[in-house]
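What follows is a short report on a single structure.
Please treat every number below as a calculation from the coordinates, not as lab data. The model shown is predicted, which means the values in this text are computed figures rather than measured ones. All Cβ positions, glycine included, derive from the backbone under ideal geometry; neighbour counts span all protein chains shown.
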Amino acid sequence: MFTPRLPRPGSASLLLLGLVALLLWGQCGGRSGPDYAVRVVRVDSLRAPFAGAPPRLYLTLGLHNRERHDFTVESMRGVLVFRGLYWNDVNDPQRPAVVPSHTELLVPLVLCLTDSLACVPDSLRLLQRALRGGTARDSTLELEFGLDLNTGSNVSLHYLDRSYPLPAMRPRGRP
């Protein structure tokens, strides 16, 4: 029985094929959008603007731009999750902020917690206790956070929410 022999590819052909494969892999598997990181720097306070009002959670976030170009944060949104429940629905509008290249920008985020917390003091006390220890002490405490970014090409890019751990809330009177 006759078996046809296929010619062996030369090293130049293999090198060219490898380069094409790398280019295709880079196009398909590469990331899109700006490269950035988010972290909750600190939990500043939990307080109500006046007696009987729903409390507000004041946070400081670090937005780290790993790109060579600045980008603008058009909007931010966050949801406090505690014991499997969402503790706020709508945020105060946040002002746009420019994050310089290779820099971490500290930005405030204010979460208006739900009206039901003002009516149920036990729930508020449980949340305050959890915030004093942070996610390290209570793993059910986290921030779901999302951004809309503008990279300068007049296109606003929406990044899906991710969960971030919260550090312990700062004691009163400490900067």
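Each 10 Å bin from 0 upward holds the following percent of the Cα-Cα pairs of the range 42-88: 18, 40, 27, 13, 2. Modelled spin labels at SER101 and THR151, positioned 7 Å past Cα toward Cβ, are 1.5 nm from each other.
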